[in-house]
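Asker: Structure below; questions to follow.
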Amino acid sequence: MELERKEFNGGMTIDPWQGYFIVISFRCDMIERVGNNGWMVTGDCLWASSQIEVVAKRHWVHSKMNTNICFLSTARVLCSKNYSALATTPITATMKKTFHLLVLCALLASCNGQTKKAPQVVDGTAISADTLMPAVLEGNDNIKYGYPGGRGVVLAKQFYVILFDTTTLVPEWVTYHLTKESLQGDAHRKNNFRPDADLPEGKRSELVDYKDSEFDRGHMTPAADFKRSEEAMSETFFLSNMAPQRPNLNRIAWSHLENEVRDLVNRHGSIWIFTGPLYLDSLDHRGQPIAHIGPDNVAVPTHFFKVILCEHSDGQREMFAFIMKNQVGKLPGTSKDYIVFVRKVEELSGLNFFHRLPHSEETRLETTAAMNWPIQ
């Protein structure tokens with residue numbers, strides 16, 4: 001079968017195209033019915049014919065003929081010149097749509113059955129669906145099990161990684177690897193909060209933003225996890241590592257959770273941690289920031305999440321996830337009362353954690369809420 005490569009530019013209106021396109025299984029986050037004609041997949045911006053069926057939620061999309069037929073905003077797709085030789089559904093003039101997200105897919109049958117994920121965008125740059133990982137993070141042990149996506153500026157610090165959102169002026173997430181050995185040390189906290197010189201003015205938070213705000217400068221990467229050296233401790237005091245937290249969260253419930261995470265490391269070995277903000281509406285659905293502080297309008301999250309992958313000494317893995325509300329009053333109960341599925345955090349954040357694990361293991365761990373917390 002003769003194939004030719006077709007390329008389309010994202011973010012533009014595609015003229016009507018009569019033909020067939022095939023891509024491999026495509027993972028997407030949210031699907032909405034569009035009239036009686038087909039499905040619009042938002043988040044990964046895929047428009048497909050009505051032959052497409054949806055399997056479960058957080059979805060693998062495939063056709064009833066075991067062939068995916070998708071029209072992508074930015075794509076590198078193999079297109080057969082001999083259309084009649086392909087058992088596919090035609091893309092008609094009704095599939096004229098404007099798309100918003102850059103997508104990069106490639107090669108079908110030669111992929112040895114491996115599925116491709118939608119690309120992510122970092123600071124306006126599309127990351128290949130093949131590698132997903134920004135080049136600056138390749139080989140970085142702090143993000144060993146996969147780049148979770150998101151939009152912002154990647155700050156590869158010496159001891160941890162930040163994806164910083166230059167619109168909200170808080171991290172979209174931070175991540176780091178913690179071991180029993182790396183927890184050791186006696187560096188003292190000096191509270192040397194400061195703007196991050198790796199970010200330009202106007203694209204970062206400043207000390208004045210938190211002044212008289214009634215919010216703490218809440219560490220996303222905790223200082224107490226980095227007593228290994230003065231340098232490591234100091235690095236956690238960049239404002240790029242902070243988000244506005246209510247004192248009753250930062251100093252009580254969140255602090256207790258961080259202590260329990262350190263206890264987990266001391267007892268059971270090696271963990272990878274993602275921490276970040278959420279912006280939820282009154283129905284606890286994903287929304288946009290409403291409250292802001294300071295002259296730079298730093299966004300105030302409604303909630304915070306923490307997602308943990310623990311590797312035990314026997315090689316077994318567990319995942320833990322928590323969501324806590326950024327409220328004025330003291331949170332009731334204990335950390336255990338705020339355990340959720342990792343998939344719940346993914347749904348509310350739009351992120352995809354630890355996807356470099358074997359798919360079956362990732363699915364099992366992310367859909368199991370580990371209730372044995374704190375780990376003894």
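Asker: Quick one: LYS344 ticks every box in (1) surrounded by fewer than 14 Cβ atoms within 10 Å (Cβ to Cβ); (2) under 18 Å from the mean Cα position of the chain (by Cα) bar one, so which box is it?
Answerer: So the condition that LYS344 fails would be (1).
Asker: Next question. Answer with yes or no whether GLN316 is loosely packed, with under 13 Cβ neighbours inside 10 Å, over 18 Å from the mean Cα position of the chain (by Cα) and not basic (Lys, Arg). Please lay out each step first, then the result.
Answerer: Details: loosely packed, with under 13 Cβ neighbours inside 10 Å: yes; over 18 Å from the mean Cα position of the chain (by Cα): yes; not basic (Lys, Arg): yes.
Yes.
Asker: Exactly one of these conditions fails for THR302: (1) under 30 Å from GLU201 (Cβ atoms); (2) at pLDDT below 95; (3) of a type in the set (S, T, N, Q). Give me its number.
Answerer: Against the list (1) under 30 Å from GLU201 (Cβ atoms); (2) at pLDDT below 95; (3) of a type in the set (S, T, N, Q), THR302 comes up short only on (2).
Asker: Within the stretch 322-331, does at least one residue satisfy the condition of being assigned by TED's automatic domain parsing to the domain that holds TRP173, modelled with pLDDT of 95 or more and more than 23 Å from ILE252 (Cα to Cα)?
Answerer: no
Asker: Failed condition for TRP373, given (1) in contact with a Phe, Trp or Tyr (Cβ under 9 Å, 6 or more places away or on another chain); (2) in the same structural domain as ASP165 (by TED's automatic domain parsing); (3) in contact (Cβ under 8 Å) with a residue 12 or more places away in the chain, with all others met?
Answerer: (2)
Asker: Out of contact with any helix residue (DSSP H, G or I) (no Cβ under 7 Å at 6 or more places or on another chain) and more than 28 Å from VAL170 (Cα to Cα): does that describe ARG317?
Answerer: Taking the combined requirement at face value, the residue does not satisfy it.
Asker: Of all residues in the stretch 278-287, which are at pLDDT 95 or above and either in a strand (DSSP E or B) or among the polar types (S, T, N, Q) (or both)?
Answerer: LEU278, LEU280, ARG286
Asker: Can you name the residue in the stretch 281-313 that is surrounded by 18 or more Cβ atoms within 10 Å (Cβ to Cβ) and aliphatic (A, V, I, L, M) and, of all such residues, is farthest from the chain's Cα centre (by Cα)?
Answerer: The extreme case among them is ILE293.
Asker: If I ask for residues that are within 28 Å of the chain's Cα centre (by Cα) and within 20 Å of ARG246 (Cβ to Cβ), which ones from the stretch 177-221 would you list?
Answerer: Matches in the stretch 177-221: PHE193, SER205, LEU207, ASP209, TYR210, PHE215, ASP216, ARG217, GLY218, HIS219, MET220, THR221.
The values are calculated or read from the model by the stated rules, or taken from the named source; none is laboratory data. These figures come from a predicted structure and were not determined experimentally. Heads up, the Cβs are rebuilt from the backbone with ideal geometry, glycines too, and the neighbour counts pull from every protein chain shown.
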